[in-house]
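Working notes for the structure below.
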Protein chains: 2
Amino acid sequence: MNASEIAKIAGVSRSTVSRVINNYGNVTDETRKRVLHVIKEYNYVPHASAQMLAGKKNKILGLFIIDRKNENSFNKMCTSSYFSPFSSVVIDVANKQQYNVLNSIVNENTDFTNVRELFLNKTISAGIFIGGKNNEPAIMELIESGYKIAVIEQEVAGEQDPFSKCIVVNSDSFGGAYEATKYLITLGHVNIAHISGDMEQLTAISRLEGYKKAMVDTGISIKSNLIIKGNYTEDSGYKATKKLLQKETPTAIFLANDSMAIGAMKAIEESNLKIPDDISIIGFDDIEVARYLEPALTTVRVPLLQMASVATSNLINANEENVNFYANYKMSIELVIRNTCRKLVE
Amino acid sequence: MNASEIAKIAGVSRSTVSRVINNYGNVTDETRKRVLHVIKEYNYVPHASAQMLAGKKNKILGLFIIDRKNENSFNKMCTSSYFSPFSSVVIDVANKQQYNVLNSIVNENTDFTNVRELFLNKTISAGIFIGGKNNEPAIMELIESGYKIAVIEQEVAGEQDPFSKCIVVNSDSFGGAYEATKYLITLGHVNIAHISGDMEQLTAISRLEGYKKAMVDTGISIKSNLIIKGNYTEDSGYKATKKLLQKETPTAIFLANDSMAIGAMKAIEESNLKIPDDISIIGFDDIEVARYLEPALTTVRVPLLQMASVATSNLINANEENVNFYANYKMSIELVIRNTCRKLVE
DNA sequence: CTGAAAGCGCTTACAG
DNA sequence: CTGAAAGCGCTTACAG
């Protein structure tokens, strides 16, 4: 069933069928009704590809999750409490506006080939990127090519920066880290360690800086031995904590995300230390698991769902208006106090 | 940049460009090389819609997550540790075979309109459905219409059943429930309660049956007071457990999934009972959180990732071969013993 | 091995 | 208000 057949049955031309489909004004109420009736009767839906070819707007968004971390596991994303809620909000918001989302996962750089193709062959008209390292070159290239793009957690270096030509949605990592560290300091901690995330990512960089600033602001000197590099995985949190505790005896650890905090808890338990009695820890993100841990994890909540929503609706706007606009959101974070930090009495 | 321009530059016809793109045999090595060179130089990628219109196969799969549960929350899927790993495997497997996946979420029946449209307007060529109730009518209709479909956890009633014309991937819910219940019985429990899932879903039905059969097989009579209806959400597990404990004193509860088990743990704690000392519990699914609970949850592992993989690759096969074939998988489950069940000594 | 031409199913100026 | 026609960018018989 196609437009020609509908036209014949309704006794009009294909043009008129098209006008009815696209809800144009210049059609008699009577013909419109007649055509609509035939359309309904035959369950006719125009061929999306034909519509696109003929010039209609594409309503498919690409959602690209960059996840280079767990390179050896069978399923790379399954453990991620971070990407999943984000995705579902993107889909929700998009669907509500008659958009659909094509979801793809980038495990390694070569996977960007597929991403590029989706733009080049016009399968998608715009894309959202999350999980990339700071200044991800493949994304920059796409922006330079003029595609409509929204990125999560990317730094905008200046007007020359490609990211200043797209929709940028960040959370206040610096502020969150500052607040988390300050909280520990307020509780009386001085010997505070930090286990950083993947330093290629903006969030990890900013969280480290927030930690340092809070220390400096309160006159606590920063000891490099207390700063250990992780990479945001649970395992890296475990290993970093092990390493840390071999040589140092901090009274608190600020971890750059919750997954690593889970690893840290394991390591701490193996060292026969109790949380928070012997050592306080604080995470970042407030992933779903955080509240179920024993003890429940004190952390910094990132408003990931709002970020997803903002990115999606802005991107859809850009596509509807047919304009590449610049927007830069910094979403505020919130300290979630649970049971892994203890007031130090001296 | 389109095929005509490439053709002109390379000094051949559009037909030849197309032949090179599609890797057909009848082109001289020399012309092929020349054309390929121009294509690379201009970064040309054929317009997907045009290809489709002209008769090429569509390589987009729909992934439809049916999630009617949490109707009032802002984000319906975000808490779901069940759908997310499934999705990522589907995407992974599809991407590896040059397929892309369009992901959509069905929160209510009207959302099926979008699903239908995606098939009708040829945006997708096949679809995977997960989370539906048993005998989901909207899916049946699509199968009857001849679309290529894979379903997860749907019962096949017979040859007349539409589901006997598609790819069905189930887990052994009955066997898993049987084994879980048997395990509790082996530990000495007799007074075993069951909190069921959403009884519209096949898994909930089968798990209840498995529970009953295990009881009957060991000569324990089934008490209807010990069977409470839940709906698979954490909250329903909480409420059902509350209700159960008001009137009964089971020594063990078999919950139809892990989310409800989490709710049950909360309710049990509020009743000042200890797990597993005062009461044993066992869940189903083995979601990510399960191992982090305190105490770590004994449960039945569903091979969800394999199910995703099997469904996807079968569906792609069907699409490639251009045939609607029937396949029915029953994936075996595995009892995962952790710390929420105790041996009863009498 | 290669090209000219028809056709896929639409939309959109252009006439009237 | 409506229709005939051109065109979107491909693929694929059909000739040669």
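Miscellaneous remarks
- Every residue from segment B:174-197 that is open to solvent by 10 Å² or more (accessible area, probe 1.4 Å), over 26 Å from the mean Cα position of the chain (by Cα) and small (G, A, S): B:G188
- Test set (1) within 9 Å of DNA strand D (Cβ to nearest atom); (2) in contact (Cβ under 8 Å) with a residue 40 or more places away in the chain - B:Y24 fails condition number: (2)
- Filter pass, A:M215 being out of contact with any helix residue (DSSP H, G or I) (no Cβ under 6 Å at 6 or more places or on another chain), hydrophobic (A, V, I, L, M, F, W, C), within 20 Å of B:A296 (Cα to Cα) and open to solvent by less than 40 Å² (accessible area, probe 1.4 Å): no
- The condition of being in contact with a strand residue (DSSP E or B) (Cβ under 7 Å, 6 or more places away or on another chain), open to solvent by less than 10 Å² (accessible area, probe 1.4 Å), assigned to a helix (DSSP H, G or I) and within 26 Å of A:N328 (Cβ to Cβ) holds for only one of A:L142, A:L102, that being A:L142.
- Enumeration of residues in segment B:1-40 that are more than 10 Å from DNA strand C (Cβ to nearest atom) and either over 29 Å from A:K59 (Cα atoms) or in contact with a strand residue (DSSP E or B) (Cβ under 6 Å, 6 or more places away or on another chain) (or both): B:K8, B:I9, B:N23, B:K33, B:L36, B:H37, B:V38
- Scanning segment A:293-334 for residues that are part of a helix (DSSP H, G or I) and polar (S, T, N, Q) gives A:Q306, A:S309, A:T312, A:S313, A:N314, A:N317, A:N319.
- All positions within segment A:335-346 that are in contact (Cβ under 8 Å) with a residue 60 or more places away in the chain and either open to solvent by 30 Å² or more (accessible area, probe 1.4 Å) or in contact with a helix residue (DSSP H, G or I) (Cβ under 7 Å, 6 or more places away or on another chain) (or both): A:L335, A:I337, A:N339, A:C341, A:R342, A:K343, A:L344, A:V345, A:E346
- Single condition B:M331 does not satisfy, out of (1) touching a helix residue (DSSP H, G or I) at 6+ places or on another chain (Cβ under 7 Å); (2) surrounded by 17 or more Cβ atoms within 10 Å (Cβ to Cβ): (2)
- Scanning segment A:10-21 for residues that are within 6 Å of DNA strand D (Cβ to nearest atom) and among the aliphatic types (A, V, I, L, M) yields one hit, A:V12.
- Matching option when the condition is over 30 Å from B:S236 (Cβ atoms) and crowded, with 20+ Cβ neighbours inside 10 Å, among B:S49, B:S15: B:S49
- Among the residues of segment B:250-268, those identified as modelled with pLDDT of 95 or more and either open to solvent by 20 Å² or more (accessible area, probe 1.4 Å) or not assigned by TED's automatic domain parsing to the domain that holds B:T298 (or both) are B:T251, B:M265.
- When the criteria are applied in full, A:A150 meets the requirement of being touching a residue at least 24 places away in the same chain (Cβ under 8 Å), in contact with a Cys (Cβ under 9 Å, 6 or more places away or on another chain) and open to solvent by less than 30 Å² (accessible area, probe 1.4 Å).
- Taken over segment B:35-58, the residue count meeting the criterion of being more than 6 Å from DNA strand D (Cβ to nearest atom) and more than 9 Å from every other protein chain (Cβ to nearest Cβ) is 9.
- For A:E5, the stated conditions hold: it is of a type in the set (D, E), more than 12 Å from DNA strand D (Cβ to nearest atom) and surrounded by 13 or more Cβ atoms within 10 Å (Cβ to Cβ).
- Residue in segment B:231-243 that is open to solvent by less than 50 Å² (accessible area, probe 1.4 Å) and among the acidic types (D, E) present: no
The values are calculated or read from the model by the stated rules, or taken from the named source; none is laboratory data. From a predicted model like this one, the values you see are computed outputs, not experimental measurements. All Cβ positions, even for glycine, are placed from backbone atoms using ideal geometry, and neighbour counts span all protein chains on display. The protein model used for the area step is the full one, side chains on, heavy atoms only, and it has no ligands, DNA or RNA in it. Shrake-Rupley method; radii C 1.70, N 1.55, O 1.52, S 1.80 Å.
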